[in-house]
Amino acid sequence: MNPPGDEEVCAELCAGILRTIGFDVTLRSFGERRVNLIAAPPGKGPGNNLGFSGHLDTVPLGSSPWTYPPFSGEIANGRVYGRGSSDMKGGIAAFIAACVRHHAATGHCPDVTVILTGGEETGCEGASALVSDPLLKSCRFHGFLIGESTRNYPVLGHKGVVWFECTAEGRTAHAAMPEFGSNAIYHATETITRIRSADLGKDDPILGKTTVNIGTFQGGLNINSVPDKAIFTIDTRTASLKTHNAIGHMIGACLCEALTMRTLLNIPPVLAPSTNSFVQAIMKLATQHGIADRGIVTVPYFTDAAVLSPAFSDAPAVIIGPGEPDVAHQTDEYCAVDSLMTATALYGDAITFFMTNPDATA
């Protein structure tokens with residue numbers, strides 16, 4: 001679970017399975033017990049093939065009781081229950097199973113690169129550490145499959161996210177004589193009111209509306225003092241690169257002189273072109289596995305695609321995995337067994353297709 005984050009044992013488990021079918025596996029640390037995994041075909045460096053990416057960390061459990069133990073992997077009612085079953089270890093399990101099946105059928109390790117990251121839930125920390133790794137220097141990919149929760153529908157992009165922390169400074173005084181102080185909470189709340197009514201730019205026809213949310217608020221020393229400090233955080237979800245690049249200025253224009261702002265996280269929006277040959281191939285494979293074509297679909301949550309795609313020559317990334325997006329992060333999270341089976345078959349066909357049609361993304 002992240003926080004605090006501890007992907008080491010899970011990464012080693014996956015590494016052991018991948019090594020048994022011939023992959024050269026490298027584990028990279030980006031903190032204490034924080035681990036990324038890179039698996040490439042034997043004798044060949046990563047890249048120049050199909051890339052698969054998934055994250056190993058999950059969000060915490062929350063305080064609500066679970067119907068089934070959250071780490072049991074209990075199977076009931078055609079579902080696998082547990083934290084991370086949909087977001088997104090179901091996708092990782094399905095892709096590794098597809099690799100195992102390919103090896104069993106052909107005797108050969110599939111020509112793919114598997115990238116499993118840590119720290120995605122708290123801002124793509126693992127992926128950000130990974131892209132500067134010397135092992136991946138000068139890598140190119142046909143494209144990436146990001147195994148997030150989409151019910152196996154190919155999703156072509158997602159909004160960007162920028163997190164800000166704003167600090168309001170005031171001057172403390174006795175609450176009986178507030179005129180001698182400067183109330184930091186008033187400064188903060190007046191700014192929040194301006195932020196809520198700010199013009200956040202035009203809606204994007206594909207990614208939709210840019211949104212803003214005040215996530216946390218802290219302030220005050222005690223009830224009978226004028227507060228001299230207040231801190232609040234802002235989550236913005238941006239629907240275009242233009243808005244994303246300007247959002248800091250737009251939020252900053254709402255601040256009064258008593259406030260300062262710093263950026264905590266900055267992940268740009270990502271959108272794979274629907275006309276791209278890699279994207280079209282994945283869309284076609286999905287329909288062949290009974291996934292109804294709903295046209296161009298995007299999601300509001302961020303993924304490692306926003307880090308991996310630009311780092312590798314804007315390789316197209318299709319977000320596609322067996323999980324249920326509606327239950328991600330929730331109590332009694334689950335992934336449907338038949339969705340896992342479909343994903344495994346779909347991933348397997350994608351592996352075969354790009355191995356036998358290496359020029360399909362030219």
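On a full-extension model of 0.36 nm per residue, what is the gain between VAL297 and ASP332, subtracting their alpha-carbon distance, rounded to one decimal in nm?
Roughly 10.0 nm would be gained on extension.
How much net charge surrounds PHE217 when only other residues with a Cβ under 14 Å from its Cβ are counted (Lys, Arg +1; Asp, Glu -1)?
With Lys, Arg at +1 and Asp, Glu at -1, the neighbours total -1.
Below 8 Å, C-alpha to C-alpha, sequence gap of six or more: please give me the relative contact order for the chain in percent.
Across the chain, relative contact order equals 25 percent.
Using a Förster distance of 35 Å, how high is the FRET efficiency between THR275 and THR233, based on the Cβ-Cβ distance and rounded to 0.05?
0.35
Using the Karplus curve 6.51 cos²θ - 1.76 cosθ + 1.60 with θ = phi - 60°, what ³J(HN,Hα) values do you get for each residue of the range 122-138, in whole Hz, with x for Gly and Pro?
Ordered by residue, 3J(HN,Hα) equals 10, x, 6, 4, x, 4, 4, 6, 6, 5, 9, 5, x, 4, 9, 4, 6 Hz.
What net charge do the residues around ALA258 carry, taking every other residue with its C-beta under 11 Å from that of ALA258, with Lys and Arg at +1 and Asp and Glu at -1? Show your work: numbers first, answer last.
On the way: positive: ARG171, LYS229; negative: GLU169, GLU190, ASP228, GLU257.
Net of charged neighbours comes to -2.
Apply the Karplus curve 6.51 cos²θ - 1.76 cosθ + 1.60, θ = phi - 60°, to the phi angles in the range 78-84 and return the couplings in whole Hz, x for Gly and Pro.
My calculation for the range 78-84 gives x, 10, 9, 9, x, 5, x Hz in order.
Take every Cα pair under 8 Å in the range 129-215 that's 6+ residues apart, average their separations, divide by the length, and report that relative contact order as a whole percent.
17
Could you list which residues have their amide H under 5 Å from that of PHE30, counting only those 5 or more apart in sequence or on another chain, with H placed in the peptide plane?
VAL35, ASN36
Just the Cα atoms of the range 279-329: what Rg and Dmax do they give in Å?
For the range 279-329, the Cα radius of gyration and maximum Cα-Cα distance read 12.6, 33 Å.
Compute the long axis of helix 184-196 from its Cα atoms, compare it with the longest principal axis of the Cα atoms of the chain, and write down the angle in degrees, 0 to 90, nearest 10.
Relative to the chain, helix 184-196 is tipped by roughly 50 degrees.
At 222 nm, what value in deg cm²/dmol follows for the chain if DSSP H runs of at least 4 each add -39500 (n - 2.57) and the sum is divided by all its residues, to the nearest 500?
Values: 8 runs with 100 residues, N = 362.
Theoretical 222 nm ellipticity from helices: -8500 deg cm²/dmol.
Note down the magnitude of the dipole of the chain about its Cα centre, charges +1 on Lys and Arg C-beta and -1 on Asp and Glu C-beta and zero elsewhere, to the nearest 20 debye.
Here the chain has a charge dipole of around 520 debye.
Using Cα-Cα distances under 8 Å and only pairs 6 or more residues apart, what relative contact order does the range 199-257 have, in percent?
Relative contact order for the range 199-257 comes out at 34 percent.
Quick one: accessible surface of TRP66, probe radius 1.4 Å, all protein chains present, in square angstrom to the nearest 10.
The value for TRP66 is about 40 Å².
How would you classify the range 1-147 from its alpha-carbon gyration tensor, with a ≥ b ≥ c the square roots of the eigenvalues: rounded for a/c under 1.5, else prolate if a/b is greater than b/c, otherwise oblate? Can you show the working numbers first?
Values: a/c = 2.23, a/b = 1.36, b/c = 1.64.
Oblate, because a/c is 1.5 or more while a/b does not exceed b/c.
For helix 90-106, what angle does its Cα long axis make with the longest principal axis of the chain, in degrees from 0 to 90 and rounded to 10?
Helix 90-106 and the main axis of the chain meet at about 20 degrees.
Roughly how many whole Å is it from the C-alpha centroid of the range 139-178 to that of the range 231-278?
First find each Cα centre; the distance between them is then 8 Å.
Placing +1 at every Lys and Arg Cβ and -1 at every Asp and Glu Cβ, with all other atoms neutral, what dipole size does the range 1-92 have around its Cα centre, in debye to the nearest 20?
In debye, rounded to 20, the range 1-92 gives about 200.
Exceeding 30 Å between C-alpha atoms, which entries from my cross-link table qualify? They are LYS202/LYS284; LYS159/LYS284; LYS137/LYS209.
Listed pairs above 30 Å: LYS202/LYS284; LYS137/LYS209.
When a/c is below 1.5 the answer is rounded, else prolate if a/b is larger than b/c, else oblate, so apply that to the range 260-360 with a ≥ b ≥ c taken from the square roots of the Cα gyration tensor eigenvalues.
oblate
Which entry in [x] 171; [y] 153; [z] 126 matches volume of the Cα convex hull per residue in Å³ derived from the coordinates of this structure?
From the options [x] 171; [y] 153; [z] 126, the structure gives [y].
To the nearest 0.05, what FRET efficiency results for THR20 and ALA175 with a Förster distance of 51 Å applied to their C-beta separation?
Values: r = 68 Å, r/R0 = 1.33.
Computed FRET efficiency for THR20 and ALA175 comes out at 0.15.
Under a 5 Å amide H to amide H cut-off, with H placed in plane at 1.01 Å, what residues pair with LYS209 once short-range neighbours are removed?
It is ASP204, by chain and number.
Pull out a ≥ b ≥ c, the square roots of the eigenvalues of the alpha-carbon gyration tensor of the range 257-311, then state rounded if a/c is under 1.5, prolate if not and a/b is larger than b/c, and oblate in the remaining case.
prolate
On full extension of the chain, what length is gained from TRP163 through GLU74, given 0.36 nm per residue of separation minus the C-alpha to C-alpha distance?
Here the answer is 28.4 nm.
Per residue, how much accessible surface does the range 242-362 expose to a 1.4 Å probe? Answer in Å², no decimals.
It amounts to 46 Å² per residue over the range 242-362.
Extending each Cα 7 Å along its Cβ direction at ALA105 and SER313, get the distance between those two points in nm, one decimal.
A separation of 2.8 nm, rounded to one decimal place.
Quick check: the distance between the Cα centres of the range 56-130 and the range 1-50, to the nearest angstrom?
Computed from Cα coordinates, the inter-centre distance equals 13 Å.
Relative to the longest principal Cα axis of the chain, at what angle does helix 277-288 sit, 0 to 90 degrees, rounded to 10?
Between helix and principal axis, roughly 70 degrees.
Based on the mean of other Cβ atoms within 10 Å per residue, sort peptides 211-224, 300-313 so the most packed one is first.
300-313, 211-224
Give me, ordered by chain and number, the residues 5 or more places off TYR153 or on other chains with an amide H under 5 Å from its own placed amide H.
Counting only residues 5 or more places away or on other chains, the set is GLY321.
Could you derive backbone 3J(HN,Hα) for the range 159-176 from the dihedral phi with the Karplus parameters 6.51, -1.76 and 1.60 (θ = phi - 60°), listing whole Hz in sequence and x where the residue is Gly or Pro?
Listing the rounded values in order: 5, x, 9, 10, 10, 10, 10, 10, 10, 9, 10, x, 9, 6, 6, 5, 5, 6 Hz.
Restricting to bridges with both residues inside the chain, how much of the DSSP beta-bridge set is antiparallel, in percent to the nearest 5?
Antiparallel: roughly 75 percent of the beta bridges in the chain.
The values are calculated or read from the model by the stated rules, or taken from the named source; none is laboratory data. Computed from a prediction, not measured in an experiment: that's the story for all the values here. Backbone-built Cβ (ideal geometry, glycine too); neighbour counts: all protein chains shown. Remember, those area values only see protein heavy atoms, side chains included, never the ligands or the DNA or RNA. Shrake-Rupley method; radii C 1.70, N 1.55, O 1.52, S 1.80 Å.
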